[in-house]
Structures are given as structure tokens and as C-alpha cells.
Amino acid sequence: TNLPIFKLKESCVRRRYSDFEWLRAELERESKVVVPPLPGKALIRQLPFRGDDGIFDDSFIEERRQGLEQFLNKVAGHPLAQNERCLHMFLQDECVDKSYTPSKIRQA
């Protein structure tokens, strides 16, 4: 990112879908931001005896990845969300501390 509020210009972290659900819930609870929806759950894809690879199908994985990327771009681009500690932790910290203390990030 080139946004000055983020301490790192680049970061690479691994997140599960449940981590995205946590981030969305935190943003809804802590900020005045209208948080966009996440791509839907894959409940039907988890049923047995399907003719495809279910949640491991390459096209499903790519579709979900694109949906999560769009969600993150919208959230990270919102001026109010950019100040939320949960977003900074989600994007830049190796592990998400779900017992963190919510707060605002101050620009240096």
C-alpha cells in the first residue's frame, strides 16, 4: 500500500475464512463503517458424493479468493476503517490476536 497510515508498505499473511468473518464482525462492532458482505459460505460444496472437488475445486477457490480480495480492498480503502486496529492487525501481523483491545491507529 502507499497509504501512510499503514506501517508496512508490503505484508504477506495467511488468513482463513473465519479470520475474515472475525474482521467483519469487529469492524461492524467498533467502527461507523458500513462493512461490505463477505462471499458466501460453501455449505453445499461440503456435501459428500458430489461430482466435483467441493471446497477444494480450483474454480471455487479462485472465486472465493477474488471475493475476499474485493472485500479487503473496499475495507482498506475506507478512511474510517483504515484507523481501526483490527484491520492493521489483520493485514500486517503474523497472527490475529482475537483477544486484542480495540483502538484507533494514530497517524505518525
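The values are calculated or read from the model by the stated rules, or taken from the named source; none is laboratory data. All values derive from a computational prediction rather than experimental measurement. Counting neighbours? That spans all protein chains shown, and the Cβs are built from the backbone with ideal geometry, glycine included.
Conditions tested, residue by residue: (1) of a type in the set (D, E, K, R); (2) more than 18 Å from Ser103 (Cβ to Cβ); (3) modelled with pLDDT of 90 or more.
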{"site": "Gly40", "(1), (2), (3)": "no, yes, no"}
{"site": "Gln46", "(1), (2), (3)": "no, yes, no"}
{"site": "Arg50", "(1), (2), (3)": "yes, yes, no"}
{"site": "Ser59", "(1), (2), (3)": "no, yes, no"}
{"site": "Glu63", "(1), (2), (3)": "yes, yes, no"}
{"site": "Leu68", "(1), (2), (3)": "no, yes, yes"}
{"site": "Phe71", "(1), (2), (3)": "no, yes, yes"}
Ala25 vs. criteria modelled with pLDDT of 90 or more and among the hydrophobic types (A, V, I, L, M, F, W, C) = yes
